[in-house]
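Structure first, commentary second.
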Amino acid sequence: MNAHTPLFEVRDLRVAFGRNGVFSEAVRGVSLHVDHGEVLGIVGESGSGKSVGMLAALGLQPEGAKVTGSVRFKGQELIGLPRRSLRELRGSRIAMIFQDPLSSLNPVMTVGDQIAEAVRLHNPDFSRKAALDRARDLLALVTIPQPDRRLRQYPHEFSGGMRQRVMIAMAVANDPDLLIADEPTTALDVTVQAQIMDVLADLQSRLKLGLILITHDLGVLAGHADRVAVVYAGQVVEQAVVDDLFARPGHPYTRGLIASIPDMTRESERLFSIDGTPPALGRLPPGCAFNPRCHMAQDICRREAPPASLESGHIVSCHFAFTGLESVA
Amino acid sequence: MTRYILRRLIAMPFLVLGIVTLAFLLTTVTKGDPLTAIVSDRQMNNPEVVAAAKAKWGLDRSLPERYAIYVGNLFQGDMGTSFITRRPVAQDVLHRLPATMELVIAAMIVGATIGISLGVLAAYFHNTAIDHASRLFALFGSSVPVFWLGLALLYVFSVQWGVLPGPGRLDARAVAPPTVTGFMTIDTLLAGEFRLFLDAVWHLILPAFVLGWAVAGTISRLVRANMLEILSREFILTARAKGAGEFRVVVGHALRNTMVPTLTVIGYSFAYLLTGAVLTETIFSWPGMGSYAVDAARGLDFPAIIGVTIVGGVVFLLTNLLTDIAYVVANPRVRLG
Ligand SMILES: Nc1ncnc2c1ncn2[C@@H]1O[C@H](COP(=O)(O)OP(=O)(O)OP(=O)(O)O)[C@@H](O)[C@H]1O
Ligand SMILES: [Mg+2]
């Protein structure tokens with residue numbers, strides 16, 4: 001591993017689901033990378049393939065999904081890796097947390113046992129007692145009050161925000177290099193969302209985590225991500241450093257997402273939202289996948305898939321990348 | 001929790017009284033005349049003998065009187081005397097209860113073990129040959145009558161192949177150990193007779209399997225359905241993302257979540273097993289309450305019939321209570337007040 005090897009690199013990842021022998025791709029050739037200690041935001045509407053893509057990268061795709069492409073972690077190829085070796089990475093070097101903290105904890109196990117399990121799976125020589133001690137420290141790390149008492153409680157005795165803290169504690173139990181957070185705040189109240197993001201951001205910088213932060217909400221990424229990948233219908237349509245993305249959004253979809261960020265300072269009656277809905281699985285329009293919803297679409301957009309253009313590290317896949325930027329501000 | 005159990009225990013005597021009353025009333029609506037069991041056919045025409053028998057067994061008194069006397073005696077642990085064995089019913093029943101319990105518990109263990117294993121496998125490998133085979137197994141167990149199954153298996157395994165022993169609790173030549181608990185497996189161990197213990201277990205296998213098959217089928221279907229649902233939950237993904245292996249995911253996380261409904265079904269299957277034991281005991285010459293009950297019913301031995309009903313009822317109530325306690329213990333979200 002040399003200095004140029006990214007921590008985590010995905011190349012041309014494809015995930016297809018079959019129905020009656022016909023396979024349709026939910027993830028259609030995604031490429032992205034995360035460096036040590038870097039925060040990559042992935043943003044896109046529901047159904048764009050964010051979860052399926054990241055799960056597939058760790059070998060956790062749903063039954064029957066076909067996964068191709070390359071996923072490298074510290075230079076090691078994960079696609080096709082034996083299950084056993086993947087298991088050793090999961091939860092120790094690469095951790096993942098999910099959207100719904102209400103259902104992502106086992107209801108019949110105490111919170112302490114669940115965290116201790118994560119510790120002991122990768123440190124078999126730890127005693128139960130030592131693992132529980134570690135679990136208590138982890139609860140304190142994510143600022144849960146009275147960790148000693150909380151350890152012995154069951155998930156239903158925790159609020160949504162507290163459960164997500166538990167999930168975070170569990171994820172960092174073995175000091176991972178990469179954390180994939182799949183919409184960690186979507187299911188929570190607005191006030192709690194900010195707290196959870198603070199806990200995550202704090203841990204990320206303290207533990208020097210590479211972090212992939214998946215979200216619907218580009219606004220969340222403004223303050224927390226280093227770079228952002230915008231996903232539409234299973235493809236990355238734009239990728240840039242966060243400030244650059246906000247300053248010069250090159251794709252009309254990205255501009256739509258920026259326009260739909262709720263603005264706390266303005267008393268807007270109605271939130272902007274992009275017209276239409278994303279294409280269903282296996283129902284892609286010809287040409288650019290976004291064209292039916294794009295106000296800039298021309299004939300070429302309905303005919304040809306747009307090429308990716310690269311401009312000083314800012315990648316955009318659009319026939320009319322960066323056009324009409326002035327009118328956006 | 002303790003309060004809940006106390007409340008249930010306090011309710012017990014009233015429920016038992018209900019069972020006694022019902023059992024008592026049921027014997028009065030049967031057509032048979034118990035006198036035929038007491039008095040020989042030849043003596044039936046002799047009014048003096050009949051009257052004496054009636055007086056001796058209390059059959060000359062009115063129903064409410066008999067009921068009051070019976071309940072009064074029951075309080076002192078007296079269930080009357082069997083018409084047939086001429087021994088106290090309480091003694092007869094207590095003597096035979098352990099054999100039935102041993103059979104029923106063995107059947108429960110067999111049924112739960114096979115049922116849970118099959119259910120887990122069927123869910124994990126759903127829509128494969130394993131799943132279909134387990135469905136057939138369950139269907140077979142619930143549709144084939146116990147007596148047919150018992151005779152068929154006895155014929156194949158014992159008579160034809162000779163791999164499993166025939167009826168009875170021990171080899172016919174074996175000398176039974178002194179009765180301590182009445183459980184042959186335990187008594188042989190207490191006597192330090194390990195060979196006899198193995199023989200007892202050996203004799204248990206076939207009847208326990210015959211009796212437990214239907215329960216295994218029911219449990220396997222329930223476990224399969226629950227497992228399928230649980231395996232699609234997000235915390236299963238969490239467990240895999242932690243690096244847990246499949247065995248741990250399936251048994252440690254998923255199965256553990258299905259234990260509450262499974263325990264309940266296992267507990268309630270007790271009633272089925274108790275009734276099923278009647279036929280199984282008859283087929284396997286098992287000296288338990290079931291075969292006693294069959295003899296009592298054939299002979300219109302009313303005290304014995306009522307005694308068996310009461311003891312069976314009490315056992316049933318106790319297992320239901322145990323089931324409910326297990327339910328609470330296994331489910332952290334339930335707090336009974
Ligand atoms: N098990 C499955 N079988 C078939 N299709 C699936 C399966 N799981 C996901 N998909 C499809 O894959 C696509 C991407 O789903 P995914 O969950 O990755 O979206 P997402 O971007 O994470 O959305 P959200 O923001 O709602 O979480 C969807 O169109 C979905 O229908
Ligand atoms: Mg998702």
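Derivation of every value follows stated rules applied to the coordinates shown; laboratory data play no part. What you see is a predicted model; the values in this text were computed from it and never measured. Reconstructed Cβ throughout: ideal geometry from the backbone, glycine too, with neighbour counts over all protein chains shown.
With both bridge residues required to lie in the protein assembly as shown, what share of the DSSP beta bridges run antiparallel, to the nearest 5%?
The antiparallel fraction comes to roughly 65 percent.
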Along the range A:134-146, what does the Karplus equation 6.51 cos²θ - 1.76 cosθ + 1.60 (θ = phi - 60°) give for ³J(HN,Hα), rounded to whole Hz, x for Gly and Pro? 4, 4, 5, 4, 5, 4, 5, 4, 8, 6, 9, x, 6
Mind giving me the nanometre distance, one decimal, between the label points for residue B:285 and residue B:26, set 7 Å out from Cα along Cα→Cβ? 2.9 nm
Please identify the trypsin sites (Lys or Arg not before Pro) of the range B:52-90 that satisfy two criteria: DSSP loop assignment and at most 11 other Cβ atoms within 10 Å. Which are they? B:86
According to a simple spin-label model (label point 7 Å from Cα along Cα-to-Cβ), what is the distance in nm between residue A:205 and residue B:6? 5.7 nm
For residue A:291, the net charge from surrounding residues (Cβ-Cβ under 11 Å; K, R +1; D, E -1) works out to +1
Net charge near residue A:39: determine it from the other residues with C-beta under 14 Å of the C-beta of residue A:39, scoring Lys and Arg +1 and Asp and Glu -1. -4
Hits among lysines - C-alpha to C-alpha of residue A:50 under 29 Å, sequence gap 8 or more where chains match: A:66, A:74, A:208, B:242
What residues have an amide H closer than 5 Å to that of residue A:36, excluding those fewer than 5 places away on the same chain, when H is modeled at 1.01 Å from N in the peptide plane? A:7
When the charge dipole of the range A:23-68 is computed with +1 on Lys and Arg Cβ and -1 on Asp and Glu Cβ about the Cα centre, the Cα farthest towards its positive end, among A:33, A:51, A:62, belongs to A:62
Let me know the shape class of the protein assembly as shown, please: from the alpha-carbon gyration tensor, a ≥ b ≥ c as square roots of the eigenvalues, rounded when a/c is under 1.5, otherwise prolate if a/b is greater than b/c, or oblate. prolate
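If you take every residue apart from residue A:195 with its C-beta less than 15 Å away from the C-beta of residue A:195, what net charge results, scoring Lys and Arg +1 and Asp and Glu -1?
Cβ neighbours under 15 Å give a net charge of -1.
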Nearest 20 debye, what's the magnitude of the dipole of the range A:1-132 about its Cα centre given +1 on Lys and Arg Cβ and -1 on Asp and Glu Cβ? 340 debye
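Quick check: residue separation of residue B:173 and residue B:109 times 0.36 nm, minus the Cα distance between them. What number comes out in nm?
Values: separation 64, 0.36 × 64 = 23.04 nm, distance 2.80 nm.
Full extension of this stretch gives 20.2 nm more.
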Of A:168, B:83, A:85, which is farthest on the positive side of the dipole of the protein assembly as shown, counting Cα position, with +1 on Lys and Arg Cβ, -1 on Asp and Glu Cβ, and the Cα centre as origin? B:83
Calculate the dipole size of the range A:153-200 relative to its Cα centre from +1 charges on Lys and Arg beta carbons and -1 charges on Asp and Glu beta carbons; express the result in debye to the nearest 20. 140 debye
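Please give the FRET efficiency for residue A:311 paired with residue B:135, using the beta carbon to beta carbon distance and R0 = 60 Å, rounded to the nearest 0.05.
The calculated FRET efficiency here is 0.50.
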Quick check for me: using +1 on Lys/Arg Cβ and -1 on Asp/Glu Cβ, what's the dipole size of the range B:57-96 about its Cα centre, in debye to the nearest 20? 140 debye
In whole Å, what is the distance between the alpha-carbon centres of the range B:85-125 and the range A:7-40? 54 Å
What does the C-alpha gyration tensor say about the overall shape of the range B:129-254? Classify as rounded when a/c is under 1.5, otherwise prolate if a/b is larger than b/c, or oblate. oblate
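What's the average, rounded to a whole number, of partner chain beta-carbon atoms within 10 Å of each residue's beta-carbon in B:241-251?
That works out to 6 on average.
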What is chain B's relative contact order, in percent, from Cα pairs under 8 angstrom and six or more apart in sequence? 28 percent
Apply the Karplus parameterisation 6.51 cos²θ - 1.76 cosθ + 1.60, with θ equal to phi minus 60°, to every residue of the range B:12-24 and state each ³J(HN,Hα) to the nearest whole Hz, in sequence, with x for glycine and proline. 3, x, 5, 5, 4, 4, x, 4, 4, 4, 4, 4, 5
Non-local residues with an amide H under 5 Å from the amide H of residue A:232, with H modelled 1.01 Å from N and Pro and chain starts lacking one, are A:237
State the answer as a single residue: which of B:319, B:293, A:156 lies farthest towards the positive end of the charge dipole of the protein assembly as shown, with beta carbon charges of +1 for Lys and Arg and -1 for Asp and Glu, about the Cα centre. B:293
Round to a whole angstrom and tell me the spacing of the C-alpha centers of the range B:280-317 and the range B:32-82. 19 Å
Express in nm, to one decimal, how much length is gained between residue B:60 and residue B:317 on full extension, taking 0.36 nm for each residue of separation and deducting their alpha carbon distance. 89.2 nm
Once fully extended, how much extra length lies between residue B:225 and residue B:268, figured as 0.36 nm per residue of separation less the alpha-carbon to alpha-carbon distance? 13.7 nm
If you take the beta carbon distance between residue B:201 and residue B:161 as r and set R0 to 30 Å, what does 1/(1 + (r/R0)^6) give as a FRET efficiency, to the nearest 0.05? 0.95
Peptide-level mean, for A:99-110, of C-beta atoms on other protein chains within 10 Å: 5
Pairwise centroid distance, computed over Cα atoms, of the range A:95-138 with the range B:169-218, Å: 43 Å
